[in-house]
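See structure below.
The values are calculated or read from the model by the stated rules, or taken from the named source; none is laboratory data. Note that the structure is predicted; figures quoted are calculated from it, not measured. Using ideal geometry, Cβ is built from the backbone for each residue, glycine included, and neighbour counts are taken over all protein chains shown. Quick note on the areas: whole protein, heavy atoms, side chains included, nothing else; ligands and nucleic acids left out. Shrake-Rupley method; radii C 1.70, N 1.55, O 1.52, S 1.80 Å.
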Amino acid sequence: MDPQYNPQAIESKWQKRWEAGHLFDAEPEPTPDSARKEYYVLEMLPYPSGDIHMGHVRNYTLGDALARYKWMQGYNVLHPIGWDAFGLPAENAAIKHQRHPSEFTFSFIDRMRGQLKRLGLSYDWRREIATCVPEYYRWNQWFFLRMYERGLAYRKKSRVNWCPLCETVLANEQVVNGCCWRHEDTAVIERELEQWFLKITAYAERLLEDMKELRGGWPERVLAMQENWIGKSKGTLVDFEIGQLGEPVRVFTTRVDTIYGCTAVLLAPGHSLVGKLIAKSPHAGSLREKVERIKVSSAALSARAGDEANPEKIGAFTGFTARNPYSGESVPVWLANFVLMEYGTGAVMAVPAHDQRDYEFCKQYGLPIPQVIAPLDGSAADLAQGAFSEYGRLMNSGPYTGLTSEDAQARMTGEAEAKGFGKGTTQYRLRDWGVSRQRYWGTPIPIIYCSKCGVVPVPESNLPVVLPMNARFTGRGASPLAEMEDFVNVACPKCDGAARRETDTMDTFVDSSWYFYRYTDPKISTAPVSQAAVKYWFPVDQYIGGIEHAILHLIYMRFFTKVMQDINLVDFSEPVARLFTQGMVIKDGAKMSKSKGNVVDPTQMCARYGADTVRLYMLFAAPPERDLEWSDAGIEGAARFLNRVYRVATKHAGVLSAVRTRVPEGNTESGIVNREPTPEERRLLLKVHRTLRHVSEDMEERWHYNTDIAMLMDLVNEIGDLDPAIEAGEIQASCLKMSMEVLVLMLSIFAPHIADELWESLGHGEPALKTPWPKFNAALAQEDELEIPIQINGKLRGRIRVARDAGEDEVMRMAQAEEKAAQYLSGKAVIKTVYVPQKLVSFVVK
């Protein structure tokens, strides 16, 4: 064994062995009488953009540690990877460099695959997929046809971003500050085009209802974001008559009880009545300019999916008024950028005293702020500080004055229905999923248009509709597919007459809405998935990815699963049992990005320090759910630790390799033969088993890998501190070997290359992954002291450390004497005390 730690040589050696031995290949689905359990761990698949970045490394090492732990627990583990390979970046690169998108895509896949392998990630590479190959995207088309048959895929006119200079449709990502990404001084305009949609709104209630299956396994933050995005709300539709037009504008409100405080009706700039207002306006030109200005701002908000916490509010008075059907008062009709056609009716009533957004808008434009709801407790609402948005008691509200908000809502909705100017309703913020993209590098939509037969789906026997490879890329005009006569012109499948193909391609989120099913049998050619394989592997036991996907990918994949359930492809309603959202990697206070110039290259770090150091640092530098601030000193520290582990192991390797222990069989109690442990041996054993207990429980519950690695560092320090005792023979070789073996096995899930090298040096022939995870001795793993929290009137006020066997009287005396707690007890009468043994001390005082 080389006395010097050489990570490059060690990592190359073990990666070759792992690959040759197919170490990470999931076993085929077992027979029904097999007792082996499965475990499916999955990270979100990457887009092949040229290089992996540290965000990828963090995501994938989190999953890799878990996968290795589950292998060692005896599970049959599925840990796959693939490529989200269609999309706009590759097409933009093709336009810029006049090369085909496939050249960029497949060269980047090759490059990134090599980088992932360099990290030693435990992927089953036999199951690798790429969403841009016909063998995969034909099933996108198959799903589309199944949805079309069920009325879930449909076509309608929709607004798109249009660059008048490029003469082409732009994706939301290509609109920068209201202008074309290629021409910073060319304002983007909106056009209406026929677009294809998937009717995700048909599943809105199921998407909400089935969240009960996800509670406890998914972060509450993600579930809250999805609930908000779906946006179920019960309320009232109310018609405000625009006298100058002679027709009403319908608004939706969840707070009809506040309607007497309405001071304006706000329209989205794309509302269907806006054109009529312009036509009727004596200042049509001026109003049209205002509409276009607000459209630009509104489009920017819509492109950001409404995720900006406090967007700038831009409005314009139309010159028209609308009549409040309850009060009879006329209120001005305004345009507002934050009212979006995608939500509600595209029109809202502004009630500034009782809605903070309306408050800010009306303050900005000098509109009145009349109060119509008072707090139930009789106090005064301070409208100078903002809106009073709570339920309360009505005031200044005609015949409804004095009612509570709840009672008023019921009675006022009843009046609207009785008099025909509104009705109670349930609405959803969620809108149908527009999947049409006027781009080339995507899945062709399998639809044909015939002048005689109309819209005709491509027969399933003709799938896939293959994306032609000889397209020209100019970035101007229609999609490259529209200019390819050989692709566009086709015989109608019904009448055999002349027809044309759809030239839009699918949104790339379609690709990623079901890819994780394909991993279970990526070669199947008769169906999108193998039902037997899916039945064995699903649900995904652990999914890992960024919080930024909460309201797009993670909703779309749930929607796809429900469609698959309805067409009897799967027999469950939710695909993922547990979800973990890791924090970002930041440097110099900002997320790593090429544009900011703060990128750290993982490949360079692997070349300098080795993959194990990079992996260990990414898991150690911060709790996995929090952002990780890159530190050069931190990765140097990780490198020093691995060097120390190597030195400690190699120092005693010659003696230890000849000692037989029982760790591979799971027996790790002491390793000592024929006698009681010495004090030094007991000290070592306590540290080993407490560390093992901490790491084992953490892998099951908390995932605080940073504290696990810190415990391993402490254990290595302990072995180093005991070196004189080892040299003096006060620690038996078998005890030391058992301790080293447990250390190496724990280290293997974080830094697997060095662990396998050390495992081999300890006399073992197989990789650590093939060894059962060691079991801790509960008696040895017990802490001598416990930390007990102190609560006073239900609030945490201090902590004490007590001996594990301390009695209640002693614990209570220590709790009352604790410095912080004593401050809250001083001068107070203790009316109740509670002691939960070894758990909690609680005082109730007055």
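Name the shape class, rounded, prolate or oblate, that the alpha-carbon gyration tensor gives for the stretch 525-606, where a ≥ b ≥ c are the square roots of its eigenvalues, rounded holds for a/c under 1.5, and otherwise prolate holds if a/b is larger than b/c and oblate otherwise. The shape class here is prolate. Computed about its Cα centre, the charge dipole of the chain is approximately 1520 debye, with only Lys, Arg, Asp and Glu carrying charge at their Cβ. The calculated FRET efficiency for the pair V836 and E209, based on their C-beta separation and a Förster distance of 22 Å, comes to about 0.05. Over the chain, accessible surface divided per residue gives 43 Å², non-protein components excluded, 1.4 Å probe.
Only protein heavy atoms count here; under a 1.4 Å probe, F516 has an accessible surface of about 0 Å². Once all protein chains are placed together, C450 keeps about 10 Å² accessible to a 1.4 angstrom probe.
Full extension of the segment from E390 to D632, taken as 0.36 nm per residue of separation minus the current Cα-Cα distance, would add 82.1 nm.
In the chain, a dipole from Cβ-located charges (positive for Lys and Arg, negative for Asp and Glu) runs towards its positive end, and of P352, L569, G328 it is G328 whose Cα lies farthest in that direction. The long axis of helix 679-700 is offset from the longest Cα principal axis of the chain by roughly 20 degrees. When both the stretch 486-529 and the stretch 547-579 are represented by their alpha-carbon centers, they are found 20 Å apart.
Taking every DSSP beta bridge that has both ends in the chain, the antiparallel portion is near 80%.
Average 1/r across all pairs of distinct alpha carbons in the stretch 343-420, invert it, and you get the Kirkwood radius: 13.7 Å. Between D496 and E329, the simple label model (points 7 Å from Cα in the Cβ direction) yields a spacing of 7.2 nm. Taking the longest Cα principal axis of the chain as reference, the axis of helix 808-817 is set at about 60 degrees.
Ordered from largest to smallest accessible area (heavy atoms of protein chains, 1.4 Å probe), the residues M592, M1 come out as M1, M592. For S761, the solvent-accessible surface with a 1.4 Å probe is about 20 Å², rounded to the nearest 10. Modelled spin labels at H183 and Q565, positioned 7 Å past Cα toward Cβ, are 4.9 nm from each other.
Under the simplified labelling scheme, the A822-F572 pair shows an inter-label distance of 5.6 nm, with each label point 7 Å from Cα along Cα→Cβ. Taking a ≥ b ≥ c as the square roots of the eigenvalues of the Cα gyration tensor, the chain is oblate, since a/c reaches 1.5 or more and a/b is not larger than b/c. Restricting the calculation to Cα atoms, every distinct pair contributes to the Kirkwood radius of the stretch 1-139, found to be 17.0 Å. Eigenvalues of the alpha-carbon gyration tensor of the stretch 369-464, scaled by 5 and square-rooted, set the equivalent ellipsoid semi-axes at 54, 20, 11 angstrom, largest first. Largest accessible area first, the residues V296, V645 order themselves as V296, V645 under a 1.4 Å probe with ligands, DNA and RNA left out. State the Cα centre-to-centre distance between the stretch 749-808 and the stretch 810-831 in whole Å. Taking the Cα centre of the stretch 810-831 as reference, the centre of the stretch 749-808 is 31 Å away.
Applying 0.36 nm per residue to the separation of S272 and K775 and subtracting their alpha-carbon distance, the gain on full extension is 174.3 nm.
Normalising the average separation of contacting C-alpha pairs (under 8 angstrom, six or more residues apart) by the number of residues puts the relative contact order of the chain at 14 percent.
Converting phi to 3J(HN,Hα) with the Karplus coefficients 6.51, -1.76 and 1.60 and the offset θ = phi - 60°, the stretch 768-776 yields 4, 4, 8, 9, x, 4, x, 10, 7 Hz in sequence order, with x at every glycine or proline.
Straightening the chain between A284 and W142 buys 46.3 nm, computed as 0.36 nm per residue apart minus the Cα-Cα spacing. Does the stretch 95-176 come out rounded, prolate or oblate, given a ≥ b ≥ c as the square roots of the eigenvalues of its C-alpha gyration tensor, rounded meaning a/c under 1.5 and, failing that, prolate meaning a/b above b/c? Oblate is the answer for the stretch 95-176, as a/c is 1.5 or above yet b/c matches or exceeds a/b. For the stretch 264-396, a simple Cβ point-charge model (Lys and Arg +1, Asp and Glu -1, everything else neutral) yields a dipole of about 620 debye relative to the Cα centre.
Projecting the Cα positions of I788, N706, M746 onto the charge dipole of the stretch 700-846 (unit charges on Cβ atoms of Lys, Arg, Asp and Glu, taken about the Cα centre) puts I788 furthest along the positive direction. Near the amide H of L78, within less than 5 Å, lie the amide hydrogens of Y39, Y40, V41, all on another chain or at least 5 residues away, with H placed in the peptide plane. Dipole orientation for the chain: of the candidates A733, F421, V836, F421 has the Cα lying most toward the positive pole (charges on Cβ; Lys, Arg +1; Asp, Glu -1).
Across the chain, the longest run free of exposed loop sites, meaning GluC sites (Glu not before Pro) lying outside DSSP classes H, G, I, E and B with no more than 10 other Cβ atoms within 10 Å, spans 185-700. Pop the C-beta distance of V845 and E548 into the FRET formula with R0 = 41 Å and round what comes out to the nearest 0.05. E between V845 and E548, to the nearest 0.05, is 0.35. Annotation: amide H of F338 within the under-5 Å range of I314, sequence separation 5 or more or interchain, hydrogens built in the peptide plane. Measuring r between the beta carbons of E192 and R660 and using R0 = 60 Å, the FRET efficiency lands at 0.15. Each principal axis of the stretch 52-206 carries a Cα extent, and these read 58, 42, 28 Å when sorted largest first. The angle between the Cα long axis of helix 7-20 and the longest principal axis of the Cα atoms of the chain comes to about 80 degrees, rounded to the nearest 10.
Taking all protein chains together, K523, K13, K156 sort by accessible area into K523, K156, K13, largest first [probe 1.4 Å].
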